[in-house]
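What follows is a single structure, written as structure tokens, with notes after it.
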Amino acid sequence: YMQEKQIFVMEYSPSIVQIADVRIRMMQQLHADIEAKRLSVVFQPKVELETRKPVGCEALARWSFEEKPVPPDSFINIAQNAGFIDQLDLCIAEQVLEKTHLLNELGHKITVSLNMSPSEVGDRKFESQFLDKVTQTNLEIDRLEVEITEEEPVRDYEYLSEFLEKLQNAGLRIALDDFGKGYSSLMHITKLTVDVIKVDREFVNDFLHNRSSAMAIELSVALAERLGLELIAEGIETEEQETKLKELGVRFGQGYFYAKPMPWDDFVNWLNTHADD
Ligand code: C2E
Ligand code: CA
Ligand code: CA
Ligand code: CA
């Protein structure tokens, strides 16, 4: 038996070691690239469904490892597990604040959203660094929005709501991302003061054929109305989805049907051809 086991280990351990090695190299490279500010950012428009005019955009992080783009879900996960998601988000925030300033100068009056996970929000250092960056950048802060992502249960609600209130007092808007997914959505909405609900794209993806997804969207719309919150649907890919979402009372949307996330220059060109005046 021992012998068999040893053979097993000898046969399989090289690939296991290789996999672990790649993860470690990715983690180290990601950390180095964050420190050197080599992460890039793309921008995806948010529109008013009725007019299809831009009302905002979401900034999304992009990173390549050994020349190949890595899906954000994987490198965000690496950064979270390795404990430097706060640095990643600060690196993105810095670039986004600069671009928000440029949008102001170009005369585009749209909101700009950043993603943040509650795990880092429990960190006082992150809090002051982020708020410092925001206040240092001379911009119209009411156009900045933070999307809180993460399905994990929040450990410290008191601290999180305190932090979000600080952001709101500084003039930022707070959006609850991936709303309706996971069990914490209702908890979040009752315990945190937010400005925007962002309906998860999984519901948008199948609500035309899935009764419970349609109901999740209907309930979110009713809840937003009741609480006086703005609501946006993400992941809109077809005109039919757009039409039905409007019928359900959704006013704002985001998705490939309007535009994919774009590098800055393409985004500005898109804005110039899609905005009024
Ligand atoms: P998210 O916040 O839910 O971002 C929306 C995701 O949906 C983006 O994926 C976007 O490219 C994708 N998307 C937009 N429209 C459509 C559509 O019509 N159909 C489909 N199928 N997908 C669409 P992406 O860029 O891969 O990002 C994945 C996730 O990674 C984000 O989900 C967010 O949770 C996280 N993330 C991205 N950038 C950052 C960041 O700077 N900081 C943090 N903490 N998380 C980030
Ligand atoms: Ca988001
Ligand atoms: Ca997410
Ligand atoms: Ca989302």
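Results, tabulated for the structure shown:
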read-out: Partner aspartates and glutamates for LYS68 [C-alpha distance under 20 Å; skip if fewer than 8 residues away on the same chain]; value: ASP21, ASP33, GLU35
read-out: Crossing angle, helix 72-82 versus the chain [Cα axis fit, 0-90 degrees, rounded to tens]; value: 60 degrees
read-out: DSSP bridge pairs, the chain: antiparallel proportion in percent, nearest 5; value: 40 percent
read-out: Full-stretch length increase - THR190, GLU105 - with 0.36 nm per residue and alpha-carbon distance subtracted; value: 26.8 nm
read-out: Likely footprinting exposure, VAL199, VAL42, VAL204, fewest C-beta neighbours within 10 Å first; value: VAL42, VAL204, VAL199
read-out: Rounded to the nearest 20 debye, dipole of segment 102-236 from Cβ charges on Lys, Arg, Asp, Glu; value: 160 debye
read-out: Amide hydrogen neighbours beyond the local backbone of ILE197, cut-off 5 Å, H modeled; value: LEU176, GLU230, LEU231, ILE232
read-out: GNM result for the chain, Cα springs below 10 Å: residue of ILE76, ILE24, ILE141 fluctuating most strongly; value: ILE24
read-out: Pairwise centroid distance, computed over Cα atoms, of segment 217-242 with segment 31-63, Å; value: 21 Å
read-out: Gaussian network model of the chain, Cα within-10 Å springs - most flexible of THR238, THR51, THR193; value: THR51
read-out: Residue among LEU30, LEU131, LEU90 with the largest mean-square fluctuation in a Gaussian network model of the chain, springs linking Cα atoms under 10 Å; value: LEU131
read-out: Cα-projected label distance for ALA20 with ILE141, points at 7 Å along beta-carbon direction, nm; value: 4.7 nm
read-out: Student exercise, the chain dipole from Lys, Arg, Asp, Glu Cβ charges, in Debye to nearest 20; value: 120 debye
read-out: Neighbour-count ranking [beta-carbon atoms within 10 angstrom, fewest first] of SER161, SER212; value: SER212, SER161
read-out: Ranked list, fewest to most other Cβ atoms within 10 Å of each Cβ, for LYS125, LYS260; value: LYS125, LYS260
read-out: Mean residue ellipticity (222 nm) of the chain, computed from DSSP H runs ≥ 4 via -39,500 (n - 2.57), nearest 500; value: -17000 deg cm²/dmol
read-out: Residue-by-residue Karplus 3J(HN,Hα) for segment 211-227, coefficients 6.51, -1.76, 1.60, Hz, glycine and proline x; value: 4, 6, 5, 4, 5, 4, 5, 4, 5, 5, 4, 4, 5, 4, 4, 4, 8
read-out: Separation in nanometres of the label points that stand 7 Å from Cα toward Cβ, at ASP156 and ARG62; value: 3.6 nm
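Read-outs throughout are calculated quantities, based only on the coordinates presented, and are distinct from any laboratory measurement. Just so you know, these numbers come straight off a predicted model, no measurement behind them. Cβ coordinates were reconstructed from backbone atoms using ideal geometry, including for glycine residues, and neighbour counts include every protein chain displayed.
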